[in-house]
Amino acid sequence: MKPIPDKNFLKFLGKSLVEHQIENIKKAGFEEIIIVGGAHNLGALEKLGHKVVEQKNLDEGMAGAMMSIESHLEARDEVLLLSANDYLDEDAYKLIKKTASSSDAELLMLAKKVTSYFPGGYIAVDGTRITGIVEKPGEGNEPSDMINIVLHMHKKPLEFIKKIKECKTANDDWYEVAIAKSIEDGNLVEAVPYEGFWQAVKYPWHALALQKHFFGTIKEPQIADSAQIADSAVIRGAVIIEEGAKIMEHATITGPAYIGRDVVVANNALVRESEIGAQSVVGYSSEVARSNLGNNVWLHMNYVGDSILGDDVMLGAGAVTGNFRLDQENVKMEVEGNKISSQTNKFGAVVGPNTKIGINVSMMPGSKIGASSLISGGVIIDKEIPDSSFVKGHNELQIRKNNKA
């Protein structure tokens, strides 16, 4: 998700992704919640009011997460394991809980049928019994059309943790290797077919797809009493406007949209199908379309389309995001040195927090600008900019005599 520092804290309808997940867990009737984090986000996670455990080595993935909670488990405990890489509605949690209550399986795994290749884990099944698990088999090599969604109910988690320790591997599939060993040893592992909403949260465009889902839950306009809306402003459709927001003369907000606390949408500005974080300013004549803006973002005469801007980002007048290729092909983004398709022909820029962008900067479709960077005016961004960068173009000013004066 880089340059987004932590996808757990991306905001949707004013709440972080991890807060939405916790709400769904509670609605399904689960009581004790343990959040496994890393050194980089323990402080933020602890503010959520639940027990937080540090995973020392994040490269150990879910295997490391399971081992991190070992000392917090008792012999008769059962564990529902979920991942920040997947968002599921509360129905998924209720489904696996209900299925587990009448199942003899030691491990139950949520499974979803797909119609095209997904670069994740697949399961081989005999009925609902899982006979194998294959991580990223490659297109054409899938063992079935069922993928493994990381919502797993462990009936005997302490025994599974022992198996994890026995299956140490240098690869990033340690957890999956332990599942395969459990199947090989004759333990019953059951697939729980699920047809409801699921969104992978791995790449930035996944966040915008998830935002669209959350917007679908807004059934009617919700405007706070303290919001100030000019008589000539237009509010259209399912829009949430929080306390202290100011919608100024001739501004337009077209839903679904979320306007956070103390946001200013200035004269002649247009916001459509977007989330605007708290204390942000959508300045004069700016347009924000299908985008997610963090807290304290400042715009002035800008176009931001199909983009993600982190907290404390500022765009100088005339800075714009390009979000559509002239050849109408899907937009690609550089991820760890590889060009990855966004699977959409409309995707703009991703800008990390605390970055300042000068006047008349053009950000090409699929561009990434790292956190805490400064971008000088007038440049064209068509490649990945690392964190803490200073970017300046080479404009040569030519001055000669005006012979017609």
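The values are calculated or read from the model by the stated rules, or taken from the named source; none is laboratory data. Predicted model, so just to flag it, every value in this text is computed and none were measured. Virtual Cβ from ideal backbone geometry, glycine too; neighbours counted across all protein chains shown.
Reported count of residues in region 6-48, each being farther than 12 Å from TYR93 by Cβ and among the β-branched types (Val, Ile, Thr), is 4. Among the residues of region 307-330, the one identified as in contact with a Ser or Thr (Cβ under 6 Å, 6 or more places away or on another chain), of a type outside the set (Ser, Thr, Tyr) and buried (at least 24 other Cβ atoms within 10 Å of the Cβ) is VAL313. Residue count for region 47-62 satisfying the condition of being part of a helix (DSSP H, G or I) and within 20 Å of the chain's Cα centre (by Cα): 4.
All conditions but one from (1) out of contact with any strand residue (DSSP E or B) (no Cβ under 7 Å at 6 or more places or on another chain); (2) on the phi > 0 side of the Ramachandran plot apply to ASN295; the one that does not is (2).
Of ILE35, ILE25, all but one fail to be in contact with a helix residue (DSSP H, G or I) (Cβ under 7 Å, 6 or more places away or on another chain), in the same structural domain as GLU78 (by TED's automatic domain parsing) and part of a helix (DSSP H, G or I); the exception is ILE25. Those residues that are of a type outside the set (Asp, Glu), in a helix (DSSP H, G or I) and closer than 19 Å to ASP59 by Cβ, I need them from region 160-190; list them, please. If the condition is that a residue be of a type outside the set (Asp, Glu), in a helix (DSSP H, G or I) and closer than 19 Å to ASP59 by Cβ, then ILE161, ILE164, LYS165, TRP174, TYR175, VAL177, ALA178, ILE179 are the ones that fit. Of all residues in region 344-367, how many are touching a strand residue (DSSP E or B) at 6+ places or on another chain (Cβ under 7 Å) and either crowded, with 22+ Cβ neighbours inside 10 Å or in a loop (DSSP other than H, G, I, E, B) (or both)? Count: 15. For region 156-202, taking the residues that are under 20 Å from ASP104 (Cβ atoms) and among the polar types (S, T, N, Q), the one that is surrounded by the fewest Cβ atoms within 10 Å (Cβ to Cβ) is identified as ASN187.
Taken as a whole, region 99-106 holds at least one residue that is closer than 23 Å to ILE130 by Cα, aliphatic (A, V, I, L, M) and surrounded by 15 or more Cβ atoms within 10 Å (Cβ to Cβ). Among the residues in region 355-368, are any within 22 Å of GLY260 (Cα to Cα) and of a type outside the set (Gly, Ala, Ser)? Scanning region 355-368, I find at least one residue that is within 22 Å of GLY260 (Cα to Cα) and of a type outside the set (Gly, Ala, Ser), so the answer is yes. Selection of region 196-226 for residues being in a loop (DSSP other than H, G, I, E, B) and touching a residue at least 24 places away in the same chain (Cβ under 8 Å) yields GLY196, PHE197, VAL201, LYS202, TYR203, GLY216, THR217, ILE218, PRO221.
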